[in-house]
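Visitor: Input: one structure, supplied below.
No lab work stands behind these numbers, since they all come straight from the coordinates. What you are looking at is a predicted structure, and each value in this text was computed from that prediction instead of being measured. Neighbour counts run over all protein chains shown; Cβ positions are idealised from the backbone, glycine included.
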Amino acid sequence: MTGSTPLSAVLAVTALALSLPACGKKAPPEPARPSASALASAAASASALPDGKRRYLLDDTADVKFTIDAPLEKITGETHRVRGSVDVDVRDLTKTTGVVEVNVMELFTTTFAEEEKNHTQTEHAHNWLELGASVPPERRDVTRWAKFVVTKVGTSTALADIQPLPGTDMRAVGATATGDFTLHGVTVKKSIMVNVNFSGPPDAPTKIDIIATQGFPLSLVEHDIKPRDALGAFVAGALAKVGKKIDDKVRVTVSLTANPKK
């Protein structure tokens with residue numbers, strides 16, 4: 001809530017051919033290079049948002065909490081490091097898109113009163129997610145971030161049509177965010193109910209708070225999250241030992257804040 005070899009070879013051969021002197025001929029004049037201002041203008045044009053959209057960057061700290069309400073044990077945990085952006089179309093909120101990424105590597109459990117028990121359980125959680133200390137770095141790079149790519153928001157209201165809350169400049173919108181959710185390298189379609197609070201003028205909000213307080217479900221099986229050792233290898237028979245202390249369903253709640261890109 002990131003050149004191929006044949007092309008490189010072609011470019012290398014082309015560069016070599018151009019560097020060889022032509023027999024009895026003058027080298028053609030070098031074409032004029034675009035100015036720095038022209039390059040900057042082209043880059044800005046390439047990254048420009050469609051008319052009516054504004055980009056908001058997520059604060060890098062947020063509240064992301066999870067609960068596994070198993071029959072014999074209620075497991076809880078959280079992580080607070082996020083990144084991403086939201087592109088808001090205030091005239092038609094259905095056109096709003098975004099990317100939210102959550103740093104799973106910084107996940108820690110809060111199940112127990114004893115810190116030592118939480119520390120051990122956190123290590124186990126990291127192993128299950130292939131984030132253990134002995135997992136190859138290239139694999140940890142794949143599993144380190146959970147990502148939600150929002151492709152549609154299920155409300156057609158223009159922000160200006162929503163009355164602010166009494167005595168404030170805040171407009172509250174309930175919506176369903178739909179997109180692709182990736183966890184542990186496995187991507188599934190996901191729809192998440194969110195409450196979004198827009199502060200400031202409706203044509204240019206100054207802050208956006210995004211809250212999924214009801215939470216949304218995740219499946220450990222669906223995302224191939226299962227008992228593993230510090231190397232990331234599956235531990236056969238471990239699920240039978242864990243028994244009713246674990247459940248396939250995980251409920252996640254999220255609270256994010258986004259501010260206008262400067």
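Visitor: How long are the semi-axes of the equivalent ellipsoid of the stretch 57-127, defined as square roots of 5 times the Cα gyration tensor eigenvalues? Whole Å, largest first.
Guide: 33, 14, 9
Visitor: List Arg83, Arg55 from most exposed to least, where exposure is judged by having the fewest other Cβ atoms within 10 Å.
Guide: Arg55, Arg83
Visitor: Net charge around Asp224, counting only other residues with Cβ within less than 14 Å of its Cβ (Lys, Arg = +1; Asp, Glu = -1)?
Guide: Net local charge, Asp224 excluded: 0.
Visitor: Summing +1 for each Lys or Arg and -1 for each Asp or Glu, what net charge is found among the other residues whose Cβ lies under 13 Å from the Cβ of Lys262?
Guide: +3
Visitor: Which of rounded, prolate or oblate describes the stretch 92-180 when judged by the alpha-carbon gyration tensor and an a/c cut-off of 1.5?
Guide: The shape class here is oblate.
Visitor: Next up: Can you tell me the equivalent ellipsoid semi-axes for the stretch 167-262? Use √(5λ) from the Cα gyration tensor, largest first, whole Å.
Guide: 38, 14, 11
Visitor: Could you work out Rg/(2.2 N^0.38 Å) for the stretch 53-260, with Rg from alpha carbons only?
Guide: After normalising by residue count via 2.2 N^0.38 Å, the value is 1.12.
Visitor: Between the stretch 50-84 and the stretch 124-189, what is the separation of their alpha carbon centroids in Å?
Guide: 7 Å
Visitor: A further question on this structure: Taking only C-alpha pairs under 8 Å that are 6+ residues apart, what is the relative contact order of the stretch 110-208 in percent?
Guide: Value for the stretch 110-208: 22 percent.
Visitor: For the stretch 221-238, in order, what is each residue's ³J(HN,Hα) by Karplus, 6.51 cos²θ - 1.76 cosθ + 1.60 with θ = phi - 60°, in whole Hz (x at glycine and Pro)?
Guide: My calculation for the stretch 221-238 gives 5, 4, 9, 6, 9, 8, x, 9, 8, 5, 8, x, 7, 4, 9, 5, x, 5 Hz in order.
Visitor: Could you rank the peptides 180-186, 215-221, 98-104 by their average count of other C-beta atoms within 10 Å per residue, with the highest value first?
Guide: 98-104, 180-186, 215-221
Visitor: Residue by residue through the stretch 135-150, which ³J(HN,Hα) values in whole Hz follow from phi under the Karplus form 6.51 cos²θ - 1.76 cosθ + 1.60 (θ = phi - 60°), with glycine and proline marked x?
Guide: Taking θ as phi minus 60°, the curve returns 6, x, x, 5, 6, 4, 4, 6, 9, 5, 10, 8, 9, 10, 9, 7 Hz for the stretch 135-150.
Visitor: Next question, about the same structure. Based on alpha-carbon atoms only, what is the radius of gyration of the stretch 123-164 relative to the globular estimate 2.2 N^0.38 Å?
Guide: Ratio of Cα Rg to 2.2 N^0.38 Å: 2.13.
Visitor: Can I ask one more? Among Lys152/Lys207; Lys65/Lys152; Lys74/Lys261; Lys53/Lys190; Lys117/Lys207; Lys53/Lys249, which pairs are too far apart, with a Cα-Cα distance over 31 Å?
Guide: Lys74/Lys261; Lys117/Lys207; Lys53/Lys249
Visitor: With a 10 Å Cβ neighbour count serving as the proxy for reagent exposure, in which order, fewest first, do Lys95, Lys74 appear?
Guide: Placing the least packed residue first, the sequence is Lys74, Lys95.
Visitor: Using the crude model of +1 on Lys and Arg Cβ and -1 on Asp and Glu Cβ, and no other charge, please compute the dipole size for the stretch 91-132 relative to its Cα centre, in debye to 20.
Guide: 380 debye
Visitor: Let me ask something else about it. Mind putting a number on the dipole of the stretch 53-260 about its Cα centre? Charges go on the C-beta only, +1 for Lys and Arg and -1 for Asp and Glu, and I need it in Debye to the nearest 20.
Guide: Here the stretch 53-260 has a charge dipole of around 420 debye.
Visitor: Would you work out which of Gly237, Thr206, Trp145 lies farthest towards the positive end of the dipole of the stretch 130-246, given +1 charges on the beta-carbon of Lys and Arg and -1 on that of Asp and Glu, about the Cα centre?
Guide: Selected residue: Gly237.
Visitor: For the stretch 163-210, how big is the tail of P(r) above 15 Å, as a whole percent of Cα pairs?
Guide: Roughly 55 percent, rounded to a whole number.
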